[in-house]
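Participant: Attaching a single structure in structure tokens format; questions to follow.
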Protein chains: 2
Amino acid sequence: MTVLPFSAVLPEDASDGPEDSPLRSVSTAVAVLDCFTAEPELGATKVAARLGIAKSTACRMLAALAAGGLLEKAGSGRYRLGLRLFEYGQLAVDRLLLREVAMPFLGELRETVRETVQLGVAVGTDVLYLERLETAGAGLRFRTDYHRNPAHSSSIGRVLAASDPSLTAAILERGLERRTPFTVVDPLRWRRTLVQTREQGYATCRDEYDQGWSSIAAPILTGVTGRRRAVAAVSVVGATSRMLGPRKPAVVQGVRRAADRITVALERASS
Amino acid sequence: MTVLPFSAVLPEDASDGPEDSPLRSVSTAVAVLDCFTAEPELGATKVAARLGIAKSTACRMLAALAAGGLLEKAGSGRYRLGLRLFEYGQLAVDRLLLREVAMPFLGELRETVRETVQLGVAVGTDVLYLERLETAGAGLRFRTDYHRNPAHSSSIGRVLAASDPSLTAAILERGLERRTPFTVVDPLRWRRTLVQTREQGYATCRDEYDQGWSSIAAPILTGVTGRRRAVAAVSVVGATSRMLGPRKPAVVQGVRRAADRITVALERASS
DNA sequence: TCGGGGCGTTCCGACGTCCGGAACGGCAGC
DNA sequence: GCTGCCGTTCCGGACGTCGGAACGCCCCGA
């Protein structure tokens, strides 16, 4: 089992670029799948328009993907992502040593802080959440319907960027999109948050993604001493008043402790 | 949002049959993906051998899928399932009304019984677990590294088959594979468990999949009265002594109550 | 240190599969 | 009932794709 897949950074997004790789039909099939990230249900016409291919081609693609279970046919000729993708996805993360090792510590952290706990990695310039443990008794429930965030407005993203110059560059090149009035969109100020993150050993994110919600993250490190890099990060997210008020020191300590213990456990397990 | 994808039954497995659908390369690409359900890591040679295609073809397929993020390249030319599949999979289940509606009730059920709680649907002749809520204080932890079971040796599968003759037939046609000395492999006896399930309104499964572990399941129904069908099922799984001993009535009541409430909530939400 | 085997990758020509346009059939709305 | 929209099917021509063989690499054993 491997700690993490290779493409932790820049897995070549290729949102609309002309796929120049071989196996054109396979490439377009993947592009067809990608259409369903934005829209939950799509028909042949819309897919064809979005990809600039013939309607008949789109129709064949949809049918072929549905035959393989990657898509499923809804009633009126529309399609949606299939459950087989859920299976594959579960297999993919189950085989990640990182997740397996981190899980018990995430559970403990949730018990300690009684807030939502997350485990995230970088995928391109986004943060992908491999795990999210919710807690019942944390007042309002945190939104659970996303699994990917722009890295710049996330405490996990900040932690990951702080130890990875190429990720930092990629994020800045993509641009710091404003989500709330509090999102840090000035490159210089954003870079300063990274410096602070390195000094403190943890990152915070106050109201920058969803107003009223803040998070604190700490890095899970790998590599030899002196050249350590964050492969992932642990974060706690909750209402801003609970995160950055009087409880902040306790939360910070909990997050850092969990991340450090996962780091150690990961080293032992991958040896 | 839709309650459940269409292919709740028989999404055409086609494990090794000669794909007669168009888009041959897409079909083989899907077949390549399928190879990774059994093995976590594969190279071009093994994929080619398993599918009976040329090594060069397999290599191109792997490269194309990796370019799309569905696979990721491990160090030495080997590949594994990519994190993008995890994303797609999460999207697929997030868009299921069933899961969204069921979640709070599953959480409550876990608090009540303090055991692992599952939500499952039928996929072919297997049960696919859409959600599994573990509990910290339940003694030994239940194995968490699978998301798909043969339906015949699962209480959820029994509940689903009990209200679906075509699923029953498909399961029997595939054959009742023995997993433990307690697995019901006699078709007649197995049919009787379905009858009992219908009479009781819930199903049990004692030591049939993993010795020492048993489960109790109740159906989530849909459709008009008189012609109701189980689209999914809730189950509680734990050590056999805790499941089928003195606590059994309490567990049964809890499971049935949760399933009934999800049924009602689903009707209201999809109207 | 050297040689061999295994593996992933690349190259090439011939084959055949896939693309795009147009026509068909079903559905919903006006 | 008509009309527009959409998913699906059919067809011929173009070009992407397949399989075999050769290459380079790494690992293993001598």
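Participant: Run a plain Debye calculation on the stretch A:20-135 (Cα atoms as equal point scatterers, no solvent) and give log10 I(q)/I(0) at q = 0.12 Å⁻¹, rounded to two decimals, same order as the q list.
Facilitator: -0.59
Participant: Note down the relative contact order for the stretch A:24-87 as a percent, whole number, built from C-alpha pairs under 8 angstrom at least six residues apart.
Facilitator: Relative contact order for the stretch A:24-87 comes out at 29 percent.
Participant: Taking the Cα centre of the protein assembly as shown as origin, sum charge times position over the Cβ atoms of Lys and Arg (+1) and Asp and Glu (-1), and report the length of that vector in debye to the nearest 20.
Facilitator: On the way: 72 positive and 58 negative charges, 175 e Å.
That gives a dipole near 840 debye.
Participant: Here is a further query. At 15 angstrom or more along the helix axis (alpha-carbon based) and mean Kyte-Doolittle of -0.5 or higher, what helices does chain B contain? Whole DSSP H runs only.
Facilitator: Working: long enough: B:24-38 (23 Å, 1.07); B:55-67 (18 Å, 0.85); B:83-94 (16 Å, 0.29); B:97-113 (25 Å, 0.46); B:187-200 (20 Å, -1.47); B:248-270 (33 Å, -0.08).
Once both thresholds are applied, what remains is B:24-38, B:55-67, B:83-94, B:97-113, B:248-270.
Participant: Related question: A:VAL264: net charge of surrounding residues, Cβ under 13 Å, Lys/Arg +1, Asp/Glu -1, itself excluded?
Facilitator: Every neighbour counted, the sum reads +3.
Participant: Which residue in B is nearest the B/A rotation axis when you measure from the C-beta atom, and what is the distance in Å?
Facilitator: B:GLY89, 1
Participant: Using only the alpha carbons of the stretch B:89-235, what is the convex hull's orientation-averaged projected area in square nanometres?
Facilitator: For the stretch B:89-235, the mean projected area of the Cα convex hull comes to 9.1 nm².
Participant: Distance between the C-alpha centers of the stretch A:171-207 and the stretch B:26-71? Whole Å please.
Facilitator: 40
Participant: Can you list the copy-to-copy distances for A:LEU97, using a point 7 angstrom from Cα toward Cβ, in nanometres, shortest first?
Facilitator: 4.5
Participant: Now, a different point. By a straight-distance test (C-alpha under 27 Å), which lysines pair with A:LYS46 as possible cross-link partners, with residues fewer than eight away in the same chain excluded?
Facilitator: Reachable lysines: A:LYS55, A:LYS73.
Participant: Hey, what's the per residue convex hull volume over the C-alpha atoms of the stretch A:24-87, in cubic angstrom?
Facilitator: Spread over its residues, the Cα hull of the stretch A:24-87 gives 75 Å³ apiece.
Participant: Continuing with this model, one more query. Ranked highest first by the average count of other Cβ atoms within 10 Å around their residues, in what order do A:166-173, B:151-158, A:215-222 fall?
Facilitator: B:151-158, A:215-222, A:166-173
Participant: Moving on to the next point. Mind checking which of A:GLY52, A:SER27, A:LEU42 is farthest towards the positive end of the stretch A:24-87's charge dipole, using Cβ charges of +1 (Lys, Arg) and -1 (Asp, Glu) about the Cα centre?
Facilitator: With unit charges placed on the Cβ atoms, the residue in question is A:GLY52.
Participant: Sorted from shortest, what are the nm distances separating the label point of B:LEU133 from equivalent points in the other copies, each placed 7 Å from Cα along Cα to C-beta?
Facilitator: Those separations, rounded to one decimal, come out as 1.6 nm.
Participant: Further question: Normalised by the empirical 2.2 N^0.38 Å for globular proteins, what value does the Cα Rg of the protein assembly as shown take? Provide the component values of the computation, followed by the final result.
Facilitator: Working: Rg = 23.7 Å, N = 542, 2.2 N^0.38 = 24.1 Å.
Rounded to two decimals, the normalised Rg is 0.99.
Participant: So the label point sits 7 Å from Cα along the Cα-to-Cβ vector; using that for B:ALA54, what distances do you get to the other copies, in nanometres, sorted shortest first?
Facilitator: 2.6
Participant: Work out the length of the dipole vector of chain B about its Cα centre, built from +1 on the beta-carbon of each Lys and Arg and -1 on the beta-carbon of each Asp and Glu, and round it to the nearest 20 debye.
Facilitator: Dipole magnitude for chain B comes out near 460 debye.
Participant: At what distance in nm do the modelled label points of A:ASP186 and B:SER270 sit from each other, each positioned 7 Å from its Cα along Cα→Cβ?
Facilitator: Between A:ASP186 and B:SER270, the label points sit 5.3 nm apart.
Participant: Okay, next question. Using Cα pairs closer than 8 Å and at least 6 residues apart in sequence, work out the relative contact order for the stretch B:49-116, in percent.
Facilitator: 15
Participant: Below 8 Å, C-alpha to C-alpha, sequence gap of six or more: please give me the relative contact order for the stretch B:90-270 in percent.
Facilitator: 24
Readers should treat all values here as calculations from the given coordinates under stated rules, not as data from a laboratory. What you are looking at is a predicted structure, and each value in this text was computed from that prediction instead of being measured. Here the Cβ is made from the backbone with ideal geometry for all residues, glycine too, and neighbour counts use every protein chain on show.
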